[in-house]
Amino acid sequence: MSNWHWQEGEYEVVRTCTWSPPGEHPVGWSLLLYIKDGKLHHVEGDPKNPLTQGRVSAKFLELPEYNNSPERIIYPMKRDPKYRGDGSKWERITWDEAYDIICKKTRQVQKDYGPESIMTFIGTGRDLWHTVPKITFSAFESPNFNYPHNGWSCYGPRSSICVYVLGAGYPELDYATAFPEKRYDDPNYTLSKVALIVGKNPLVSNPDGLFGHAIVDMLKRGTELIVVDPRVTWLASRAKFFLQLRPGTDAALFLSMCNVIIDEDLYDHEFCENWVYGFNEFAERCREYPPSLAAKITGVDEELIKATARYWAIEKPGSMTWGLAIDQKCNGIQTAHVVLLFCAIVGNLDVPGGVLLGGSDREAPTSWWGWDELDDSIKAKRIGAAEYPAVSTACSTTQPDMAMDAIATDKPYPIKMTFTMSSNPIACPAAQPEWVSKVMQRPDLNVFADLVMTPSCASYGDLFLPVASSGEKDGLVATHYGALTLFVAALVKGVQTGECKSDDEIMLDLGWRLNPSKFPWKSLHEFLTWELNGYGVEGTWEDLRDSETGFVTPAYEYEKYAYGLQTWNGEPGFGTPSGMVEAYCQRFKDWGDDPMPYYEEPPYSPVSTPDLFEKYPFVMTTGARSWSYFHSEQRHISDLRDMDPWPKVQMNPEDAERLGLHDKQWVWVENMLGKCREMLDVTPIVKPGVIMAKHGWWYPEKGPDDTGHGPFGVFDANINNLMPHDKFGKLGFGTPFKCMIANVYAAEGGPDFEAGWPKENNYLDFQKAEK
Amino acid sequence: MAEKPNMAEGMLIDYSYCTGCHSCEISCKQRFDLPSERQGIKIHKHGPIQNPDGSWELNYIPIPTEVCNLCADRRAEGKKARCEQHCQSFVIKVGPLDELVKLMSDHKKQVLYNVTSDKTLYEPQF
């Protein structure tokens, strides 16, 4: 019997692994697709997956409803740019027509303005971080690959800092991925005594290469937790040490904990003397942050700070996983730097049960595909690259705020065409979304590749390419975009929906038409084999699909720095200019910042803007993830929406009582930059004085036409109305999405469409004809 | 007709580690194709509430409803109950009560359910 395809009663069964769509990080849920009459009927978890072991999230259990939903767009379509914003003007076209429109416009822009006047847009975390860059650099031959999240405030900063400070790929929790058979019981693995979780709720978010519930597996075996979070998450409730800090103050906390470890002589002398560059200067810096000061800044008890630091220094090995809360602040680079040093100085880097490190020197190696082959004159035109080398040295993208400014102003040159794959800027990553929706009217042609009509495409899209989902495509899933490959698995196509194509197929189709020499593969499978081999796995994609589990975990080498595996010349050490972990980072100094970590108040806070804080007296964090949704996706899936029906803002009961507000009432969340309407969730999960507001909201049931709040009511619901454009750290990274200020007050009623959902739309009836 | 549950069987929940991820709820709801307002197993929440010693208590406890037939038909085919299969924390175990009682004494914060109904309210759809 085939390992991946069989008949079971009335069902055809196809084994696949998953990445995105639906929106998801590379968790690699292995699924058995149960197919009936050519449609996905239901899914079951595949117990043969050594990491997830048959477990499946609610979102991926809902894959059939997602793939078969009436909102799904399954044929290419176009709309005359003069009718942007009008949902009734879309018309069905063929793939050839769609590609002809793209190719014709590409040639015209390349000729009249230069290829740099084409910009691509991408969404976070998805199965696209090789696809979109390759389309950008090799098909369009433009240097402008853009992730439209202000200050690049997700993953890129953490990953880049790891490159600059450690000369290594992204650090990850050691959850025994390298031992697929015995896992935690393998003699070459050591269970972490303690796991540090900073600004992250991985049970829900499963980010980038971490299956979140692996932490629960470790807890059951005795791992203790240190959780640094402004909210009492489930993990915080199980933590030995829970440090509930004021949002945005992490750097002060970690500097003071390093201070305790160094001051009390609890650090790993051998490691620090041999492998930490600038240790003495760093020790001096830490002395500026005694626990008493950090307690005042962060709101965390001084004795708790000391006890946590001591425990971390003594109980080894300690592992660590960090979240985008690190990135979403102007002080994020310094925060990432000091968290890495907190791991390094006690000897937890790259040891079994410690902090895993990738061997690479680039932020996400797959996101550089095609870059090297661009002409130097084109490379030099990448927007923001010269101004922010800390961004452009490790990341292959633009600086996102400057990219949006370029579209708005035609400076340094106009952007005439955009290509957006699975990104929904005005509902999710972009600050000041109403302004962005106006700016994005400026290019002549805006192409979207997606699964449903989004607020962004409704507002400014001209061409829609329908994308295949998990279960509908052959592909690969691998963690950390080539920077730290913990596993690789095969995505296998079970069904075809309408005329949808996978992102990789769209990439190849465009490449073969526009610049075939840079797309030498003759078929999708030939390309996937090339990709697979690039992750260090031998054999063909078909071999992987046909194998017993369809899933491989490349061998992992611990303590690479000791054996010459972390440098490019084979010498022991780290892949940095000094060959050491850089507590003192000369490159940061060269780029105009302090070479060592420091704490800086958020740009808007009770301390830095006391006058504004009087008017907007809450410290606001945003963006906590939901079991139901991946950022701005899935609001149209009924079982998921039932679990989390409205955008919520969490507030402590003391504050609610003082303000005369009650649970489940609609409120305005407002500051000097804008406002949005959310539903109040009164809960002790946040401290008094702090609120957490959900992100990524829009209302599919509201329809695509602007009735006063933008397409699908997006500007009523979008918390990013309150976020600043062009406000990020000195090195080009970090917008304060997680440490803003705001006020909350009662709204007169909820959104006008509160009663009843989901309401089926009929504005794209022609898309349903053959479903 | 759906197979009736065996009265000598039940469901053990280790709620020390239930994270409230909803995989059990969705698994069951799909299997019986339940309407929006119905559940075959429903997660209840207690907390977060701060204890006098400063620690936090937060519990999620799934409760099977009268829809549940302990997946007797699936288990007869050698599969796990659908909620047990997909539970992200491996905190659900369905089986003979006497075996579950033994597992229960292993550590704190566990709850054992007997069969919830001897009727068939909904037919499994797969």
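Structural remarks
- B:Asn6 being farther than 21 Å from A:Ser628 by Cα, open to solvent by 30 Å² or more (accessible area, probe 1.4 Å) and without any contact (Cβ under 8 Å) to a residue 12 or more places away in the chain: no
- Lone unmet requirement of (1) within 30 Å of A:Lys560 (Cβ to Cβ); (2) basic (Lys, Arg); (3) in contact with a strand residue (DSSP E or B) (Cβ under 9 Å, 6 or more places away or on another chain) for A:Arg246: (1)
- Candidates B:Ser105, B:Ser36 - the one that is small (Gly, Ala, Ser), within 13 Å of chain A (Cβ to nearest Cβ), more than 11 Å from the chain's Cα centre (by Cα) and at negative phi: B:Ser36
- Here A:Ser237 does not qualify as in contact with a His (Cβ under 8 Å, 6 or more places away or on another chain) and either within 14 Å of chain B (Cβ to nearest Cβ) or acidic (Asp, Glu) (or both).
Residue-by-condition table, conditions (1) surrounded by 20 or more Cβ atoms within 10 Å (Cβ to Cβ); (2) in a helix (DSSP H, G or I); (3) touching a Phe, Trp or Tyr at 6+ places or on another chain (Cβ under 8 Å):
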{"residue": "A:Ala313", "(1), (2), (3)": "yes, yes, yes"}
{"residue": "A:Thr321", "(1), (2), (3)": "yes, no, no"}
{"residue": "A:Leu341", "(1), (2), (3)": "yes, yes, yes"}
{"residue": "A:Gly353", "(1), (2), (3)": "yes, no, yes"}
{"residue": "A:Thr366", "(1), (2), (3)": "yes, yes, yes"}
{"residue": "A:Ala385", "(1), (2), (3)": "yes, no, no"}
{"residue": "A:Ala403", "(1), (2), (3)": "yes, yes, no"}
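- Taken over segment B:40-50, the criterion of being out of contact with any helix residue (DSSP H, G or I) (no Cβ under 6 Å at 6 or more places or on another chain) and either on the phi > 0 side of the Ramachandran plot or outside any strand (DSSP E or B) (or both) is satisfied by B:Gly47 alone.
- Residue within segment A:617-631 that is within 22 Å of A:Leu451 (Cα to Cα) and either assigned to a strand (DSSP E or B) or hydrophobic (A, V, I, L, M, F, W, C) (or both) present: yes
- Output for segment A:608-635, where each listed residue is open to solvent by 20 Å² or more (accessible area, probe 1.4 Å) and away from chain B (no Cβ under 14 Å): A:Ser608, A:Thr609, A:Pro610, A:Asp611, A:Leu612, A:Phe613, A:Glu614, A:Lys615, A:Tyr616, A:Pro617, A:His631, A:Glu633
- Test: residue in segment B:21-28 that is open to solvent by less than 40 Å² (accessible area, probe 1.4 Å), within 12 Å of chain A (Cβ to nearest Cβ) and within 16 Å of B:Val115 (Cβ to Cβ): yes
- Failed item in (1) within 22 Å of A:Ile314 (Cα to Cα); (2) surrounded by 24 or more Cβ atoms within 10 Å (Cβ to Cβ); (3) in contact with a strand residue (DSSP E or B) (Cβ under 7 Å, 6 or more places away or on another chain), with A:Ala251 passing the rest: (3)
Quick grid of which residues meet (1) in contact (Cβ under 8 Å) with a residue 12 or more places away in the chain; (2) open to solvent by 40 Å² or more (accessible area, probe 1.4 Å); (3) assigned to a loop (DSSP other than H, G, I, E, B); (4) within 14 Å of chain A (Cβ to nearest Cβ):
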position: B:Pro52; (1), (2), (3), (4): no, yes, yes, no
position: B:Leu58; (1), (2), (3), (4): yes, no, no, yes
position: B:Asp73; (1), (2), (3), (4): yes, no, no, yes
position: B:Gln85; (1), (2), (3), (4): yes, no, no, yes
position: B:Gly95; (1), (2), (3), (4): yes, no, no, no
position: B:Val101; (1), (2), (3), (4): no, yes, no, no
position: B:Leu112; (1), (2), (3), (4): yes, yes, no, no
position: B:Ser117; (1), (2), (3), (4): yes, no, yes, no
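- Elements of type helices (runs of 4 or more DSSP H) contained in segment A:187-239, each with 3 or more residues being among the aliphatic types (A, V, I, L, M) and open to solvent by less than 20 Å² (accessible area, probe 1.4 Å): A:214-221
- Scanning segment A:437-452 for residues that are touching a helix residue (DSSP H, G or I) at 6+ places or on another chain (Cβ under 7 Å) and either surrounded by 24 or more Cβ atoms within 10 Å (Cβ to Cβ) or under 23 Å from A:Asp504 (Cβ atoms) (or both) yields a total of 8.
- Cross-chain or 6+ apart pairs with Cβ under 6 Å, segment A:206-234 first and within 12 Å of chain B (Cβ to nearest Cβ), then among the hydroxyl-bearing types (Ser, Thr, Tyr) and open to solvent by 10 Å² or more (accessible area, probe 1.4 Å): A:Val216/B:Tyr17; A:Arg221/A:Tyr184
- Enumeration of residues in segment A:405-421 that are open to solvent by 10 Å² or more (accessible area, probe 1.4 Å) and small (Gly, Ala, Ser): A:Ala408
- Residue satisfying condition, being assigned to a helix (DSSP H, G or I) and either under 25 Å from A:Ser192 (Cβ atoms) or aromatic (Phe, Trp, Tyr) (or both), within set A:Leu304, A:Leu357: A:Leu304
- So A:Lys329, is it open to solvent by 50 Å² or more (accessible area, probe 1.4 Å) and part of a loop (DSSP other than H, G, I, E, B): no
- Selection count, segment B:9-20, where residues are within 7 Å of another protein chain (Cβ to nearest Cβ) and either exposed (fewer than 15 other Cβ atoms within 10 Å of the Cβ) or over 17 Å from A:Lys59 (Cα atoms) (or both): 1
- Filtered residues of segment A:36-45 (kept if surrounded by fewer than 22 Cβ atoms within 10 Å (Cβ to Cβ) and touching a residue at least 24 places away in the same chain (Cβ under 8 Å)): A:Lys36, A:Gly38, A:Lys39, A:His41
- Among the residues of segment A:28-54, those that are assigned to a strand (DSSP E or B) and at the interface with chain B (Cβ under 10 Å from one of its Cβ atoms) comprise A:Tyr34, A:Lys36, A:His41, A:His42, A:Val43, A:Glu44, A:Gly45.
- The residue list A:Val467, A:Val495 contains one member that is in contact with a Leu (Cβ under 8 Å, 6 or more places away or on another chain) and either open to solvent by 10 Å² or more (accessible area, probe 1.4 Å) or closer than 16 Å to A:Phe60 by Cβ (or both), which is A:Val495.
- Looking at A:Glu8, A:Glu91, A:Glu24, just one residue is out of contact with any helix residue (DSSP H, G or I) (no Cβ under 6 Å at 6 or more places or on another chain), charged (D, E, K, R), over 15 Å from A:Val492 (Cα atoms) and open to solvent by less than 10 Å² (accessible area, probe 1.4 Å), and that residue is A:Glu24.
- Of the strands (runs of 3 or more DSSP E) lying entirely inside segment A:436-491, the ones with 2 or more residues being over 26 Å from A:Ala364 (Cβ atoms) are found at A:463-466.
The values are calculated or read from the model by the stated rules, or taken from the named source; none is laboratory data. Nothing here was measured: the structure is a model prediction, and the numbers come from that model. Methodologically, a virtual Cβ is constructed for each residue, glycine included, from the backbone with ideal geometry; neighbour enumeration extends over all protein chains shown. Ligands, DNA and RNA are stripped out before the accessible areas are found, and what is left, the full protein with its side chains, is counted by its heavy atoms. Shrake-Rupley method; radii C 1.70, N 1.55, O 1.52, S 1.80 Å.
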